[in-house]
Amino acid sequence: MANRFGSVIATVMSAAARVAGYVIYGFLRMIYRRDPAMIALFLGVPLAIALLVWLVLR
């Protein structure tokens, strides 16, 4: 049972690392291309979500 649980955790962490890599790659590519609208959108959406969560939990 423990081996199966460890396998699931490893698979989930591997997928999360791949997604994080793609996100970082996309962000760095936007910076390299100097696309201010996409950079603002890329940074603004998570900040807006964080602000909304903060306001709801406050």
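The values are calculated or read from the model by the stated rules, or taken from the named source; none is laboratory data. Model, not experiment: these values are computed from the prediction. Positions of Cβ are generated from backbone atoms using ideal geometry, with glycine treated the same way; all protein chains shown enter the neighbour counts.
You will find that of Val45, Val56, the residue that is part of a helix (DSSP H, G or I), of a type in the set (A, V, I, L, M) and surrounded by fewer than 10 Cβ atoms within 10 Å (Cβ to Cβ) is Val56 and no other.
Within region 1-34, the set of residues being at pLDDT below 80 and surrounded by 10 or more Cβ atoms within 10 Å (Cβ to Cβ) is empty.
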